Structures are given as C-alpha cells and as structure tokens.
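First up is the structure itself, then whatever we jot down about it.
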Amino acid sequence: MGHDDPIGRLARQIDASRKSERLLVSAEEIAALRRRSASELHRICSEFVSSLNARLSQARLELAPPTYAPEMFRDRAVNLMQVSSQGRQMQVVFQATHPLFSIDKYSVPYILEGEIRTYNQSMLEHFEIRNQSLFYCIDDGAAFWRFFDWRNPRVTAVDADLLARLMQPLF
C-alpha cells in the first residue's frame, strides 16, 4: 500500500490522535502549549545568540524580536523569529496546524510546523535559500521541538548546537 492509500492514511491519523489525546484533552490546552512552545523556541534562539555574542570579538548577532512573551504567539498566522549578522540570516518560521494535530508531513503527531531558512547575500544572488523542516511534536506524554532535514534524512532536537551548525555555512 502506498503512502497516499486512504485506509493507511486513516490508520495513521487514528494512531496519531490516540497518542496525542493521552497528553492533551482540550483546544484550550493545545493553545496554551503552542504559546509555551513558541516561547521555548525563542529561548533557544536567545541562548544561542547570547552564547555566541559572548565569544565574538566584534561582530554581533541580533535576534528579532529581542524578547518574546507567550501572548505574542499568533495562532492564525505565521510566526517569525530571525537571527542576523552582517547580511547573513537565519529565519525560524512556524505556524499552528489545522486541525489541532497533524501527521501529514512528519510521522510523529505535531501541533506546530515550520521551517528554518538560512541565507546570505551571495546565496540570494543565486536564488538559493536553504529550508529545513521544524515540528513541535507530541508523543508518549512528551512535547518537543524537532528538526527534520529532508535532503539528508536526519531528525534532531532543536538546540543551540543545531542553530550553530545551520548558520556556520553562511560565513
């Protein structure tokens, strides 16, 4: 059976719903978890920028927005965080899934999806922007950010080390 098989797709969706419903029971709880996870992602970016800036002699990285509160999360729109330095950009873009949970693009149920985009001026001149997928997953009683690189199938946690690896080729 193929990946687009209706029965197989329904079976995966039922399994995903069952797994996610063990952790969350209401739309309000999911909304609150989305706000907290957006703040967690900003904290990861902020710690990365602070740690790197502490080691730099001159050039500084900037994080936009510089601060983040759970109320800043936009449930019905795209959310953007950006790390930049000297024309080099890393954008973290994410949004809520509709319906509340999804498994359309990743096998573990997720409630937020997005991507990390990296580029510099030279790449823009060649119409090249690197995009890798980002998911906030709910699985077996845990919730976590996951990064998925489609080109070199690999899944990893979203942390400062990942952000450093993604930004390194820009310099």
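Here are the numbers for this structure:
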item: For the chain, average projected area of the Cα convex hull in nm²; result: 11.2
item: Loop-located GluC sites (Glu not before Pro) in the stretch 84-160 whose Cβ has at most 11 other Cβ within 10 Å (DSSP); result: 128
item: Selected from 26, 37, 101, residue furthest toward positive end of dipole (the stretch 1-144; charges at beta carbon); result: 37
item: Fewest-first sequence of 76, 34, 12, 154 by Cβ atoms within 10 Å of each Cβ; result: 76, 154, 12, 34
item: Gain upon complete extension [residue 59, residue 149; 0.36 nm per residue less C-alpha separation]; result: 29.5 nm
item: Unit charges on C-beta of K, R, D, E only; dipole of the stretch 98-171, Debye; result: 140
item: Shape parameters for the stretch 57-116, alpha-carbon atoms, Rg then Dmax in Å; result: 14.5, 47
item: Dipole magnitude (debye, nearest 20) for the stretch 29-171, charges at Cβ of Lys, Arg, Asp, Glu; result: 260
item: Ellipticity estimate at 222 nm from DSSP helix runs (n ≥ 4, -39,500 (n - 2.57)) divided over the chain, nearest 500; result: -11500 deg cm²/dmol
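Values quoted throughout were computed directly from the atomic coordinates according to the rules given, and no laboratory measurement underlies them. All of these numbers come straight from a predicted model, not from anything done at the bench. Glycine also receives a Cβ, built like all others from the backbone with ideal geometry; neighbour counts cover every protein chain displayed.
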